[in-house]
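The values are calculated or read from the model by the stated rules, or taken from the named source; none is laboratory data. The structure displayed is predicted, hence computed values, not measured ones. FYI the Cβ positions are ideal-geometry reconstructions off the backbone, even for glycines, and counts take in every protein chain you see.
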Amino acid sequence: MVLVGACADAPPCEGEGIQLGECAPDFTLPEADGNDWTLSEQQGDVVLLDFSAIWCGFCQRMAPEHQAIAENWADEDVQVVTVLVGDRTYETVEQAEAQEWKIELGIEHPVLYDPGRTVWKNWQRPNSRRMPQQYLIDAHGGIAWRKIGPGDDGEISEEIESLL
């Protein structure tokens, strides 16, 4: 099952949660390069938030597409970030694995790792372990679009354009 949704010209969000129109739960996670990245610091920008797993073939295929989105929208108020939530043995991703993911897949946008998977537990769609899980967060911090499973950069770019 694939979930898709969008909302153009979204008003400020209400209530925290992961449903369309709700305010995205804030978090801070370490980047592969060691810096911290905080979702609320991106307010005013559209954020493509991608939850991926190292073992996931779809996630590996989508990673360069997400990088292309980051490059194509670099002059706009658009941020792309990937959160790695599990390694090949379903354990927590470490910094070295996040760095390796970036290098192997040619990723320049932020790649975060989630020690203890605390952020993932807060964002994971109920009863779904499918990957990737992607969210577009509007400039107000509200969830405007989401998709479970692979998509394509054209579909995502279309949704981004509707939010700018």
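Here are some notes:
- Criterion (touching a His at 6+ places or on another chain (Cβ under 8 Å) and of a type in the set (A, V, I, L, M)) met by exactly one of Ala96, Ala70: Ala70
- Apart from one condition, Val80 fits all of (1) among the aliphatic types (A, V, I, L, M); (2) buried (at least 20 other Cβ atoms within 10 Å of the Cβ); (3) in contact (Cβ under 8 Å) with a residue 60 or more places away in the chain; the exception is (3).
- The set of residues from region 143-155 being modelled with pLDDT of 95 or more and surrounded by fewer than 21 Cβ atoms within 10 Å (Cβ to Cβ) is empty.
- Residue within region 117-125 that is in contact with a Pro (Cβ under 6 Å, 6 or more places away or on another chain) and either over 19 Å from Ala32 (Cβ atoms) or modelled with pLDDT of 90 or more (or both) present: yes
- Hits in region 18-37 - residues which are surrounded by 15 or more Cβ atoms within 10 Å (Cβ to Cβ) and farther than 30 Å from Ala96 by Cβ: Leu20, Gly21, Glu22, Cys23
- For region 62-119, a residue qualifies if it is among the β-branched types (Val, Ile, Thr) and under 17 Å from Gln42 (Cβ atoms), and the qualifying residues are Ile69, Val78, Val80, Val81, Thr82, Val83, Val111, Val119.
- Where a residue in region 136-164 is without any contact (Cβ under 8 Å) to a residue 24 or more places away in the chain and over 22 Å from Cys13 (Cα atoms) and its partner, wherever it lies, is of a type in the set (Val, Ile, Thr) and surrounded by fewer than 17 Cβ atoms within 10 Å (Cβ to Cβ), with Cβ under 9 Å and at least six apart: Glu155/Val4
- Region 101-137: number of residues that are in a loop (DSSP other than H, G, I, E, B) and either more than 20 Å from Glu65 (Cα to Cα) or among the aliphatic types (A, V, I, L, M) (or both): 9
- Scope region 1-55; condition at pLDDT below 90 and part of a strand (DSSP E or B); matching residues: Val4, Gly5
- Across region 43-55, not a single residue is classified as of a type outside the set (Val, Ile, Thr), over 12 Å from the mean Cα position of the chain (by Cα) and crowded, with 19+ Cβ neighbours inside 10 Å.
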